[in-house]
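Written out below as structure tokens is the structure these notes cover.
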Amino acid sequence: MPVLSRGRHRNPKRGACFMELASYLAGERWSDHPACTHPLLAALARLVNDNTSDANRGRLVRLVPSIIDLASDDLRVDARIALRCATTALPVSAAERQLALAVSVLAAEEMLARLDGSASDQPNSGRFSPIPLSEESQLAMAQVPHAAEQARRFSRAARITEKGFRRYAAPNAVQLSVVGIVQACITDPDTLLRNLLTGVIEDCTALIRDTTTETPRLPTPTRV
């Protein structure tokens, strides 16, 4: 069995990153971009793998099987991943990253509301009215009030397209979040990164594998 280590590897004998091990277990061609996993989830897994210390990377192995067959083109998956990442990183990140992360929170919330049909246009403005935030977003934003207020002003002046969110905003939120956690003044970033990946996997599982209802919905966050 390949051993988890940083970066890409030519073959299993040289080790494996998180997603290469997933491709191996899924019976796919050796790759760190296997088809069995949602691309943004895979990107987060690679980032967590590469930014976890050598001493703790082995603790990620048990998560690898749980991301196999988590693939979907539902934009809600991208939005939920971005939201979980941004709300996790925002309270612990350095001040210079807080505005971008707060904007990411608002963008993900708006996209989820738009896709769920709970957003409404303001008359004659072509823009959405303010979106009620989930409890997790309210908690994260309350811890950085200055950045939160700046983000709200910025978001009122801009509205992202679904294509732009998938291609740019959501991947940027994931990247910024991991960097923010790694560089944060906290005692155990490895555990926070692992918990983040675990939570995102649970969110994606709830969205992608829930076939018991006509419109799959996450048990969290609760909108207020």
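The values are calculated or read from the model by the stated rules, or taken from the named source; none is laboratory data. Every value quoted in this text rests on a predicted model; they were computed, and no experiment measured them. Backbone-built Cβ (ideal geometry, glycine too); neighbour counts: all protein chains shown. Surface accessibility is based on the protein's heavy atoms, side chains included, excluding ligands, DNA and RNA. Shrake-Rupley method; radii C 1.70, N 1.55, O 1.52, S 1.80 Å.
Here are a few things to note about the model shown:
- Scanning region 134-161 for residues that are modelled with pLDDT under 95, under 26 Å from L41 (Cβ atoms) and of a type outside the set (G, A, S) yields R159, I160, T161.
- The set of residues from region 13-69 being of a type in the set (F, W, Y) and in a helix (DSSP H, G or I) comprises F18, Y24.
- Of the residues in region 73-80, none is surrounded by 16 or more Cβ atoms within 10 Å (Cβ to Cβ) and touching a Ser or Thr at 6+ places or on another chain (Cβ under 7 Å).
- Residue ID - nearest to D203 (Cα to Cα), chosen from residues in region 39-54 that are surrounded by fewer than 22 Cβ atoms within 10 Å (Cβ to Cβ) and in contact (Cβ under 8 Å) with a residue 12 or more places away in the chain: A43
- Cβ separations smaller than 9 Å between residues 6+ apart or across chains give the following pairs from region 139-161 residues that are more than 15 Å from L83 (Cβ to Cβ) to residues that are open to solvent by 100 Å² or more (accessible area, probe 1.4 Å): R152/P130; R156/P130.
- Residue in region 204-224 that is in contact with a helix residue (DSSP H, G or I) (Cβ under 7 Å, 6 or more places away or on another chain), open to solvent by 90 Å² or more (accessible area, probe 1.4 Å) and at pLDDT below 90 present: yes
- Selection status of V64, open to solvent by less than 10 Å² (accessible area, probe 1.4 Å), closer than 22 Å to G7 by Cβ and touching a Leu at 6+ places or on another chain (Cβ under 8 Å): yes
- Filtered residue count, region 132-159, keeping only those that are crowded, with 19+ Cβ neighbours inside 10 Å, within 17 Å of A100 (Cβ to Cβ) and among the aliphatic types (A, V, I, L, M): 6
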